[in-house]
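To keep things clear, I will list the structure first and then write my remarks on it.
Taken together, the values in this text are just the output of simple stated rules run on the coordinates, not laboratory data. Note that the structure is a prediction, hence the values are computed from the model and not measured. Neighbour counts run over all protein chains shown; Cβ positions are idealised from the backbone, glycine included.
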Amino acid sequence: MATHKLLLLPGDGIGSEVMAEVKKVIGWLDAQGLASFAIEEDLVGGAAYDSCGQPISEEAMAKAFAADAILLGAVGGPKWANVHYEVRPEAGLLRLRKDLQLFANLRPAMCYPALADASSLKRDLVEGLDVLIVRELTGGVYFGEPKTITDLSDGQKRAIDTQVYESYEIERIARVAFELARTRKNRVVSTEKHNVMKTGVLWKQVVSEVHGSDYNDVTLEHQLADSCGMQLVRAPKQFDVIVTDNLFGDILSDVAAMLTGSLGMLPSASLGAVEEISGKRRALYEPVHGAAPDIAGQGVANPIAMIGSLAMALRYSFGLIEAADRVEAAIAGVLADGYRTGDIWSEGMTRVGTAGMGDAVIAEL
Ligand code: NAI
Ligand code: MG
């Protein structure tokens, strides 16, 4: 069996607490002979800053380049609120995304039947929901130049952000979306604002071209981003894969997230290009939530987002579909059995802490 090189970066706050539960699942997979891992571990975020003055060390970056996949907990916290902007904890995560060229952010929004009543929408609108948002992560308005605030002569100020997309960036994210759709319900909605933005015009054109030349078997629909937002809360189950740019993806994925309940439930993946020589795709998996300083150190954080992120790694980096299915089924199982951390707890359910939830998942497995 192939040995998969996995780098664990627990990070700050609840990061190390939820990572401890993932280690139990990794150990279980290993012990069952379902997967074989070579594990490395290092610091990121505030923890790395405290140790070496940088939010990620060169040594950790080298390990990241050598890994088949990276699992990251979370970074940040009030302790580092006043450190220099360039070395703030989040900069460690941004450097990983940028240097590894992780251009495709996958944000699944799945609604477990046991939690359908925790959604902000009615049960029948969300029960069985399974949407995957594919967000462009390394381009667009968050990175485009110029990006400035200048003083004007009349005492006013002017702020500029610039949205830039080149066709290759749109093409590669479109390909990821179409490939993923083929493993799902075979439907892609591409969303932009071609009515008011040039990047939207190019986006729509390139996605259509990629579709026409290589993915005719996938159903493609174009939707304006504002309309897509509306549809997501009106009838979310109409969607399979949504592909969009960095800014709209940031917003739409948070909207989709809230359809499913708690932040503590949401995994994510960030994928890079397939390398020519190894044939491997660089990838980082992390929960959507942050370091949650308000509950850190209390042993109450929900580890499901982190465990779900491991399941995504099994699926997308290692091709261990059966193992991924089993981990996801175990998550659904513990929820159906009534186990709840505080963030998803409701009357009559069995309240557990971080370790209790991890143990329940292992027992279910
Ligand atoms: P957050 O996601 O850390 O917390 C938001 C709220 O959700 C808090 O009330 C928290 O207790 C709760 N929560 C989050 N994850 C949970 C879990 N697994 N189980 C139970 N409850 C959970 O976002 P916030 O408070 O805005 O940011 C806190 C710190 O984390 C900041 O320093 C921020 O910069 C950083 N952050 C890091 C991210 C990352 O590492 N990818 C993402 C978002 C924020
Ligand atoms: Mg966001």
Loop-only GluC sites (Glu not before Pro) in region 221-306, please: DSSP not H, G, I, E or B, and at most 15 other Cβ atoms within 10 Å. 275, 276
Two-site FRET efficiency, residue 254 against residue 185, from Cβ-Cβ distance with R₀ of 22 Å, rounded to 0.05: 0.45
When 1/r is averaged over all different Cα pairs and the result inverted, which Kirkwood radius in Å belongs to region 52-170? 18.3 Å
Compute from the Cα atoms of region 20-101 the Rg and the Dmax, the latter being the longest Cα-Cα distance, and quote both in angstrom. 14.5, 46
If only Cα atoms are counted, what is the Rg of the chain, and what is its Dmax, in Å? 20.5, 70
What does the convex hull of the Cα atoms of region 130-258 come to per residue, in Å³, rounded to a whole number? 115 Å³
Would you mind counting up the charge near residue 300? Only other residues with Cβ under 14 Å from its Cβ, with Lys and Arg at +1 and Asp and Glu at -1. -2
Given a Förster distance of 51 Å, the FRET efficiency implied by the Cβ-Cβ spacing of residue 168 and residue 363, rounded to the nearest 0.05, works out to 0.60
7 Å from Cα along Cα→Cβ at both residue 66 and residue 294: what's the point-to-point distance in nm? 4.0 nm
C-alpha center-to-center spacing [region 285-301, region 131-198] in angstrom: 29 Å
What are the GluC sites (Glu not before Pro) within region 314-365 that DSSP puts in a loop, where the Cβ has at most 15 other Cβ atoms within 10 Å? 347
Flagged links, alpha-carbon separation over 30 Å, of 157/198; 24/280; 147/280; 5/193; 79/193: 147/280; 5/193; 79/193
